[in-house]
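Down below is the structure, laid out as structure tokens.
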Amino acid sequence: MYYNKLVRDKIPEIIRSKGQTPLTHIADAAEYWQKLKGKLQEKIDEFKKDENIEELADILEVLDAIIDYKKFDKNEVLNVKEKKALERGAFKDKIILDEA
């Protein structure tokens, strides 16, 4: 079966343990960035469909990989998140804007 998608690091090992031979390659920076964005969308779509904790954890894993790839400081990301929440609020009040 042909995949051409970013997979978790241990997936080739898991495939080999089942007696199969995976064909893989290491992505260059440009391909990795494109595949990370694609993986994020894939995991968001899966969460929208299944709404379970496993899919949410997958989204967090991809976000961590993006933070690493973009060389963002995770604490800085969290600080920006907090600053935006203080300035503009979060999503806890369930407000729907109908018109403005």
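Going through I15, I59 one at a time, which residue ends up being in contact with a Pro (Cβ under 9 Å, 6 or more places away or on another chain), of a type in the set (A, V, I, L, M, F, W, C) and modelled with pLDDT of 95 or more?
I15
Name the pairs: first residue in region 1-16 and closer than 18 Å to V62 by Cβ, second residue surrounded by 10 or more Cβ atoms within 10 Å (Cβ to Cβ), Cβ to Cβ under 6 Å, at least 6 apart or on different chains?
What qualifies is L6/K35; L6/K39.
Would a scan of region 64-71 turn up a residue that is in a helix (DSSP H, G or I), modelled with pLDDT of 95 or more and exposed (fewer than 11 other Cβ atoms within 10 Å of the Cβ)?
Looking through region 64-71, none of the residues is in a helix (DSSP H, G or I), modelled with pLDDT of 95 or more and exposed (fewer than 11 other Cβ atoms within 10 Å of the Cβ).
Yes or no: E82 surrounded by 11 or more Cβ atoms within 10 Å (Cβ to Cβ), of a type outside the set (A, V, I, L, M, F, W, C), assigned to a helix (DSSP H, G or I) and in contact (Cβ under 8 Å) with a residue 12 or more places away in the chain?
Values: surrounded by 11 or more Cβ atoms within 10 Å (Cβ to Cβ): yes; of a type outside the set (A, V, I, L, M, F, W, C): yes; assigned to a helix (DSSP H, G or I): yes; in contact (Cβ under 8 Å) with a residue 12 or more places away in the chain: no.
When the stated conditions are applied, E82 does not pass them.
Is region 26-43 home to any residue that is in a loop (DSSP other than H, G, I, E, B), exposed (fewer than 10 other Cβ atoms within 10 Å of the Cβ) and small (G, A, S)? I'd like the intermediate steps shown before the answer.
Step one: of region 26-43, the residues in a loop (DSSP other than H, G, I, E, B) are 26-28.
Imposing the further condition that a residue be exposed (fewer than 10 other Cβ atoms within 10 Å of the Cβ) reduces the set to 26, 28.
Now narrow it down to the ones that are small (G, A, S): none.
No, every residue in region 26-43 fails to be in a loop (DSSP other than H, G, I, E, B), exposed (fewer than 10 other Cβ atoms within 10 Å of the Cβ) and small (G, A, S).
Tally time: how many residues in region 29-46 are over 15 Å from Y3 (Cβ atoms) and within 9 Å of the chain's Cα centre (by Cα)?
Of the residues in that region, 6 qualify.
Which one is surrounded by the fewest Cβ atoms within 10 Å (Cβ to Cβ) among residues in region 85-100 that are among the hydrophobic types (A, V, I, L, M, F, W, C) and part of a helix (DSSP H, G or I)?
Among residues in region 85-100 that are among the hydrophobic types (A, V, I, L, M, F, W, C) and part of a helix (DSSP H, G or I), the one surrounded by the fewest Cβ atoms within 10 Å (Cβ to Cβ) is L86.
Checking the structure you have, find out if any residue of region 33-51 is farther than 25 Å from D68 by Cα, out of contact with any strand residue (DSSP E or B) (no Cβ under 6 Å at 6 or more places or on another chain) and modelled with pLDDT under 95.
No, region 33-51 contains no residue that is farther than 25 Å from D68 by Cα, out of contact with any strand residue (DSSP E or B) (no Cβ under 6 Å at 6 or more places or on another chain) and modelled with pLDDT under 95.
The values are calculated or read from the model by the stated rules, or taken from the named source; none is laboratory data. No experiment lies behind these values; they were computed from the predicted model shown. All Cβ positions, even for glycine, are placed from backbone atoms using ideal geometry, and neighbour counts span all protein chains on display.
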